[in-house]
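*Asks:* I'd like to ask some things about the structure below.
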Amino acid sequence: MTVRIRLARHGRKKNPAYRLVVADSRSPRDGRFIEMLGTYDPMKDPAEIRVDGDRVLEWLREGAQPSETARSLLRRAGVWDRFMEGKTTK
């Protein structure tokens, strides 16, 4: 089983909102997930990103693989840099 950090789409038609979730890679995009780590609202100006950084770091250290989009959001939130700093000091 591969664990991924990815986005799950919610919201109305033409008004998307996303949840940053940890899920089994085999489960569908909006299907069952293990834990919700944050939200992303691209419709606000500027886009709003809320992330529980400590939980994300725990999952990354356990081996969860972020999708490209999730990695981009984690970079913007500053969590990805914290994770990479931790990897280089070991």
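The values are calculated or read from the model by the stated rules, or taken from the named source; none is laboratory data. Please read these numbers as outputs of a predicted model, since none were measured by experiment. Heads up, the Cβs are rebuilt from the backbone with ideal geometry, glycines too, and the neighbour counts pull from every protein chain shown. Surface areas here come from the heavy atoms of the whole protein model, side chains and all, with no ligands, DNA or RNA. Shrake-Rupley method; radii C 1.70, N 1.55, O 1.52, S 1.80 Å.
*Asks:* Filter the stretch 54-90 down to the residues that are among the hydroxyl-bearing types (Ser, Thr, Tyr) and in a helix (DSSP H, G or I), then identify the one that is least open to solvent (accessible area, probe 1.4 Å).
*Replies:* Ser72
*Asks:* Can you find a residue in the stretch 29-52 that is more than 17 Å from Ala77 (Cβ to Cβ), among the small types (Gly, Ala, Ser) and either in contact with a strand residue (DSSP E or B) (Cβ under 6 Å, 6 or more places away or on another chain) or surrounded by fewer than 14 Cβ atoms within 10 Å (Cβ to Cβ) (or both)?
*Replies:* Checked the stretch 29-52: at least one residue is more than 17 Å from Ala77 (Cβ to Cβ), among the small types (Gly, Ala, Ser) and either in contact with a strand residue (DSSP E or B) (Cβ under 6 Å, 6 or more places away or on another chain) or surrounded by fewer than 14 Cβ atoms within 10 Å (Cβ to Cβ) (or both).
*Asks:* Something else now. Determine whether Arg19 is free of Cβ contacts under 8 Å to residues at least 24 places away in the same chain, open to solvent by 30 Å² or more (accessible area, probe 1.4 Å), in a strand (DSSP E or B) and of a type outside the set (Phe, Trp, Tyr).
*Replies:* Yes; evaluated as a whole, the condition is true for this residue.
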